[in-house]
There are 2 protein chains.
Amino acid sequence: MPKTTHHPMPFSLSLSRAWARSDSLLCVGLDPDPGKMPAHLAHAPDAIYQFCTAIADATADLVCAFKPQIAYFAAQRAEDQLEALIEHIHTAHPHVPVILDVKRGDIGSTAEQYAREAFERYKADAVTVNPYMGFDSIEPWLAHADRGVFLLCRTSNPGGADLQMLDVGGEKLYERVARLAAGPWNGGGELGLVVGATVPDELARVRALAPGLPLLVPGIGAQGGDVQATVAAGRAANGLGMVINSSRAILYAGRGEDFAQAARQAASEARDTINRFRNA
Amino acid sequence: MPKTTHHPMPFSLSLSRAWARSDSLLCVGLDPDPGKMPAHLAHAPDAIYQFCTAIADATADLVCAFKPQIAYFAAQRAEDQLEALIEHIHTAHPHVPVILDVKRGDIGSTAEQYAREAFERYKADAVTVNPYMGFDSIEPWLAHADRGVFLLCRTSNPGGADLQMLDVGGEKLYERVARLAAGPWNGGGELGLVVGATVPDELARVRALAPGLPLLVPGIGAQGGDVQATVAAGRAANGLGMVINSSRAILYAGRGEDFAQAARQAASEARDTINRFRNA
């Protein structure tokens, strides 16, 4: 595979350009589940790569980012297909950043290895990282100064409240994470936050605490988040500032040979719905 | 590779038997760093596998567990060597459980994929998991009822205090995690906790809150934790209850052709030191 000459600019800048170029806040999450993929692909040895590249090619002009979720590749022993997929996106759609959803979190020496995996091996433009182990577990990621790091803040799952909503002295734990990410932890300016679309009140609170940070917002579509409430709560002052992820509702919109066209249709509708409320 | 018929018993039982059989609380962490490995292995295509199996074979009778750290394999594109390493340990040392250090944490559908990766692909006996996303992010791991799950609680790194030491209403966040793991989250009885050797006061507090849980304790050796204080703080009423991990101080005790013998010597000394204080 040819060495890519990707990454001439900081992630925050490439994301800003992607928002402008695509006129879209939509991110398509690439979570390839063999049990849900079209039957005609099932027996190809590189079915995951074929499926994901077809989705990417059909939706690239409609999105501000792609977000492969590494667990779906690792469970299938498909690391090589993930490498090839990201290489394909960088080559065929160089203006669409790739956020590799890994949610890692470990001590410094191990975090360095994870950062190498995500940024050097997979050539991701940005990642998701878990903040539980504190700032020195995040620093090795930030040492890759041109890459983006989205810290988990208030997640979209039911158990997200178990720890994140605990009061830590006048504020909730997720609010503390948002304040740290917007302030002392963000020396390089490339931090963002993950906040679920299923919790619009907390999304609005995070936007207030971190007015300038990009928010990665999963949970619309299959997880049930409401688009209007999400956009109203999370948009930045300029109407941008959000990367709104949809995975299953787009990937599995169709299961026949026209699955990519069905995905494009679903992505187009999602983008338009978001844009209607973005400018409202 | 032959299918293993591993896992006839719950992790908690295999760990108890390993403690008794080895008379050891020591766990050797398998964190293969090519820059630190013996020079004569450097150019072998399976250097990581050769290095780790040599360490495992030289120390298996001295330890209660092995703990490969997946980041070191993933950064080197060495997933196949990790699979082969764990298969080797199960075959050659079937009484030594393997804790795969992954520190994952994600929503239910993704956590299922991660659990498949760790337990089905790699055939780990136990894993480490990050609690930040709450109980429903842990449940898919617990669904593998015979496997162990060590939740991050109070970690050994300097930034471990950033969130874990926040007061969440009469207790610290790490204490809340310990209480949840010892109580409502531990229906199947296979939860444990990760608590660093660098924070003996908190280790004692976790032991008080979770008297029956196995504690995975990294941080002795290169990270500077004191063995006597660690053992005094963390041992259970029966003098067991701890899996005390050492990685670098054992793996890189020697860098010549006798590296495995040097590792054995370092492991033997670590076990003996732990045992001296365990029975004190």
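The values are calculated or read from the model by the stated rules, or taken from the named source; none is laboratory data. Because the structure is predicted, anything quoted here is derived from the model rather than measured. When we count neighbours, we look across all protein chains shown, and the Cβ atoms used for this are built from the backbone with ideal geometry, even at glycine.
For B:Pro184, the conditions (1) at the interface with chain A (Cβ under 9 Å from one of its Cβ atoms); (2) surrounded by fewer than 17 Cβ atoms within 10 Å (Cβ to Cβ) are fulfilled apart from (1).
In the range B:175-197, the residues that are in contact (Cβ under 8 Å) with a residue 60 or more places away in the chain form Cβ pairs under 8 Å with partners that are of a type in the set (Ser, Thr, Tyr), at six or more places apart or across chains, as follows: B:Gly189/B:Ser12; B:Glu190/B:Ser12; B:Val194/B:Thr128; B:Val194/B:Thr155.
Within the range A:110-124, can one find any residue that is free of Cβ contacts under 8 Å to residues at least 60 places away in the same chain, aromatic (Phe, Trp, Tyr) and surrounded by fewer than 24 Cβ atoms within 10 Å (Cβ to Cβ)? So far as the range A:110-124 goes, yes, one or more of its residues are free of Cβ contacts under 8 Å to residues at least 60 places away in the same chain, aromatic (Phe, Trp, Tyr) and surrounded by fewer than 24 Cβ atoms within 10 Å (Cβ to Cβ).
Filtered by the rule that a residue be closer than 16 Å to B:Val102 by Cβ and in contact with a Lys or Arg (Cβ under 7 Å, 6 or more places away or on another chain), the range B:130-169 gives B:Asn130, B:Leu152. Of all residues in the range A:142-171, those being among the β-branched types (Val, Ile, Thr) and within 23 Å of A:Thr230 (Cα to Cα) number 2. Scan the range A:239-280 residue by residue and report those that are under 24 Å from A:Ser12 (Cα atoms) and among the β-branched types (Val, Ile, Thr). Matches in the range A:239-280: A:Val243, A:Ile244, A:Ile274.
Hey, any hits in the range A:120-141 for a residue that's at pLDDT 95 or above, over 21 Å from A:Gln69 (Cα atoms) and β-branched (Val, Ile, Thr)? Looking through the range A:120-141, none of the residues is at pLDDT 95 or above, over 21 Å from A:Gln69 (Cα atoms) and β-branched (Val, Ile, Thr). From the set of residues in the range B:107-145 that are closer than 18 Å to B:Leu85 by Cβ and part of a helix (DSSP H, G or I), which is nearest to the other protein chains (Cβ to nearest Cβ)? By that ranking, first place goes to B:Glu117. For the range A:14-37, the candidate set comprises residues that are more than 18 Å from A:Leu100 (Cβ to Cβ) and of a type in the set (S, T, N, Q); within that set, the residue that is surrounded by the most Cβ atoms within 10 Å (Cβ to Cβ) is A:Ser24. Against the conditions (1) buried (at least 22 other Cβ atoms within 10 Å of the Cβ); (2) closer than 15 Å to B:Val129 by Cα; (3) within 14 Å of chain A (Cβ to nearest Cβ), B:Gly148 satisfies every one except (3). Select from the range B:91-106 the residues that are over 25 Å from A:Ile107 (Cβ atoms) and in contact with a helix residue (DSSP H, G or I) (Cβ under 8 Å, 6 or more places away or on another chain) and write down the one among them that is farthest from the other protein chains (Cβ to nearest Cβ). Top of the filtered list is B:His95.
Within the option set A:Ser268, A:Ser247, being within 25 Å of A:Val102 (Cα to Cα) and among the hydroxyl-bearing types (Ser, Thr, Tyr) holds for one residue only, A:Ser247.
Taking the conditions (1) farther than 19 Å from A:Arg176 by Cβ; (2) of a type in the set (S, T, N, Q); (3) within 11 Å of chain A (Cβ to nearest Cβ) in turn, B:Thr155 satisfies each one other than (1). Evaluation of A:Val227 against the conditions (1) surrounded by fewer than 22 Cβ atoms within 10 Å (Cβ to Cβ); (2) aliphatic (A, V, I, L, M); (3) without any contact (Cβ under 8 Å) to a residue 40 or more places away in the chain shows that the sole unmet condition is (3). If only residues of the range A:57-70 that are closer than 25 Å to B:Glu117 by Cα and in contact with a helix residue (DSSP H, G or I) (Cβ under 9 Å, 6 or more places away or on another chain) are counted, the one that is farthest from the other protein chains (Cβ to nearest Cβ) is A:Phe66.
If you check B:Pro45, B:Pro68 for being more than 25 Å from B:Phe11 (Cα to Cα) and of a type outside the set (A, V, I, L, M, F, W, C), only one passes: B:Pro45. Taking the conditions exactly as written (within 14 Å of chain A (Cβ to nearest Cβ), buried (at least 23 other Cβ atoms within 10 Å of the Cβ) and of a type in the set (A, V, I, L, M, F, W, C)), does B:Phe73 satisfy them or not? Yes; evaluated as a whole, the condition is true for this residue.
Reported count of residues in the range A:38-47, each being in contact (Cβ under 8 Å) with a residue 60 or more places away in the chain and either surrounded by fewer than 12 Cβ atoms within 10 Å (Cβ to Cβ) or within 14 Å of chain B (Cβ to nearest Cβ) (or both), is 1. Of all residues assigned to the range A:38-51, none qualifies as being at pLDDT 95 or above and under 29 Å from B:Pro131 (Cβ atoms). Scanning the range B:48-70 for residues that are buried (at least 24 other Cβ atoms within 10 Å of the Cβ) and over 17 Å from the mean Cα position of the chain (by Cα) yields a total of 2.
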